[in-house]
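Student: Below are the structure tokens for one structure; questions will follow.
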Amino acid sequence: MSEIIELARRAREASYALADASRATKDGALHAMAAALREHTDAIVAANAKDVAAAREAGTPESTVDRLALDPARVDGMAAGLEQLAGLTDPVGEVVRGYTLPNGLELRQVRVPFGVVGIIYEARPNVTADAAGICLKSGNAVLLRGSSSAKSSNEAIIAVLRDAAESAGLPADVVQGVPTDRAAVKELMQARGLVDVLIPRGGAGLIQTVVGESSVPVIETGVGNCHVYVDADADLDLALGILLNAKTQRPSVCNAAESLLVHAAVADEFLARALPALTDAGVTVHGDPTVVAASKNLAPDQHMVAGKSGVADQDVVVRGAVVDATDEDFGTEYNSLDLSAAVVDSLEAAVQHIRRYSSGHTEAIITRSQSAARRFTQAVDSAAVVVNASTRFTDGGEFGFGAEIGISTQKLHARGPMGLPEMTSTKYVVTGEGQLRT
């Protein structure tokens, strides 16, 4: 028996005990995990230092190193996240719907755990504690496959979480780490029947690989080519504030805006204000011909018009530039201070542009027109459609869910921020008094 199959079998056995656990037991385990993380902060930070040193030696960009790095404050934040989970409502056992059939049968649809969840994720070791906690609270045993760059950190965190779970009366195998080598990952993706669902968290390449190669059902998360559309009836002051927040508040995340669309009726006025603001913020705008032409009216220190930039060449583009967009630019999730931009002739043209290039994450319209807002929310088929607010609000915490495992950009089984209820399935409980089908 291979190591992965053995891990999955142990997770399956642990999932049965977890499914039977009371909320008090699960919450007690979460509090024990939080306390253990704080108690072992020094050991976790020391293990993380090995990963950080190896990353720097390998020439990893400092932005990536920062996401990898842990310090006592970040470990305390991981612990606080587990304590917050303990305070949330337990989804297991919730009655989704229930009624009595004409024949007297009582029917209830009840939330139940998936069973065994595999999570494949990149870089940030804080995800290890977050994912373990969310899975435990929703009654799922979890197999965690982090990136090799965080191997020492993840091993230290998982060891602490396992011991804490066991001390609280749960099997240690409710939380397990998976080897980071490619063969192990492929085997995990083929463990259908032992693993109930896989959730990849990371870049487009990771997600596409898991979706394409897995026989285990997959919930896609994370890729966000999010749009902000400034309508003909937009409040331009409002639009500018929303655009800057959506693009620059945290550009590396999946709900940051990656593309700007502006109605032609307000393009001259809005671009004259937006382009200087974006370039002042260090944003490189990859614009269509109309946007590039508008940039020529900016002061020389506020723009730079280059030739075809192309995604492959963006590293050589000076921050704060306005450059010619390629078709590839409009379909790119940059995760950086880059923004594609185009002028459209109508709301319908904006919808068509979004349908062509969007990843189905979040799209926003800025408008004072109720009819335009209704049409946009009806016609745009994404996990979240926002009216007069930043795309950055598509988040489990911001939606009031308290926690999330990721943002699903597909339509089955869940869509949008995946909180605790989305980490469950359902079963039907049918109660009768001897009814027979005729």
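Every number in this text was worked out from the coordinates using simple rules, so none of it is lab data. Note that this is a predicted model, so its numbers are computed, not measured. Methodologically, a virtual Cβ is constructed for each residue, glycine included, from the backbone with ideal geometry; neighbour enumeration extends over all protein chains shown.
Student: What does the charge add up to near Ala372, with Lys and Arg as +1, Asp and Glu as -1, over the other residues with Cβ less than 12 Å from its Cβ?
Tutor: Within the 12 Å Cβ shell, the charges total 0.
Student: On average over all directions, what projected area in square nanometres does segment 226-393 have, based on the convex hull of its Cα atoms?
Tutor: Mean shadow area of the hull around the Cα atoms is 8.1 nm².
Student: Give me the number: length gained by fully extending Gln352 to Val387, i.e. 0.36 nm times residue separation minus the C-alpha to C-alpha distance, one decimal in nm. It would help to have the intermediate numbers written out before the result.
Tutor: Working: separation 35, 0.36 × 35 = 12.60 nm, distance 1.78 nm.
Here the segment from Gln352 to Val387 would lengthen by 10.8 nm.
Student: Under 10 Å, Cα contacts only: if you run a Gaussian network model on the chain, which one of Asp324, Asp395, Asp268 comes out with the highest mean-square fluctuation?
Tutor: Asp268
Student: Less than 16 Å apart at the alpha-carbon level, and either on another chain or at least 8 residues along: which lysines does that give for Lys427?
Tutor: none
Student: Something else: Quick one: net charge around Asp76, please, counting Lys, Arg +1 and Asp, Glu -1 for every other residue with C-beta under 15 Å from its C-beta.
Tutor: Value of the local net charge: -3.
Student: Round to the nearest 10 and give me the degree value, 0 to 90, for the angle of helix 236-248's Cα axis relative to the longest principal axis of the chain.
Tutor: 50 degrees
Student: Would you list Thr362, Thr209 from fewest to most Cβ contacts within 10 Å?
Tutor: Ascending Cβ contact count within 10 Å gives the list Thr209, Thr362.
Student: Kindly express, to the nearest 10 degrees and within the range 0 to 90, the angle between helix 264-280's C-alpha long axis and the longest C-alpha principal axis of the chain.
Tutor: 70 degrees
Student: Can you sort Val291, Val429 from fewest to most other Cβ atoms within 10 Å of each residue's own Cβ?
Tutor: Fewest-to-most Cβ neighbours within 10 Å comes out as Val429, Val291.
Student: I've got another one for you. Under the rule that an exposed site lies in a DSSP loop and has at most 12 other Cβ atoms within 10 Å, name the longest stretch of the chain with no trypsin sites (Lys or Arg not before Pro) of that kind, not counting the sites themselves.
Tutor: 1-295
Student: Let me ask something additional. Report P(r) for the chain: all Cα-Cα distances, bin width 20 Å, range 0 to the bin holding the largest distance, values in whole percent.
Tutor: 24, 49, 25, 2, 0
Student: Express in whole angstrom the spacing between the alpha-carbon centres of segment 1-56 and segment 216-292.
Tutor: 39 Å
Student: Kindly put Ile366, Ile157 in sequence by how many other C-beta atoms sit within 10 Å of each C-beta, fewest to most. Don't skip to the answer; put the middle values down first.
Tutor: Numbers: Ile366 28, Ile157 32.
Lowest count first: Ile366, Ile157.
Student: Let me check I've understood the local charge: for Thr209, count other residues with C-beta under 11 angstrom from its C-beta, Lys and Arg +1, Asp and Glu -1. What total comes out?
Tutor: +1
Student: With the contact rule set at Cα under 8 Å and sequence spacing of 6 or more, what percent relative contact order holds for the chain?
Tutor: Result for the chain is 18 percent.
Student: Taking the 0 to 90 degree range and rounding to the nearest ten, how far is the long axis of helix 41-57 tilted relative to the main principal axis of the chain, both from C-alpha atoms?
Tutor: Once rounded, the angle reads 40 degrees.
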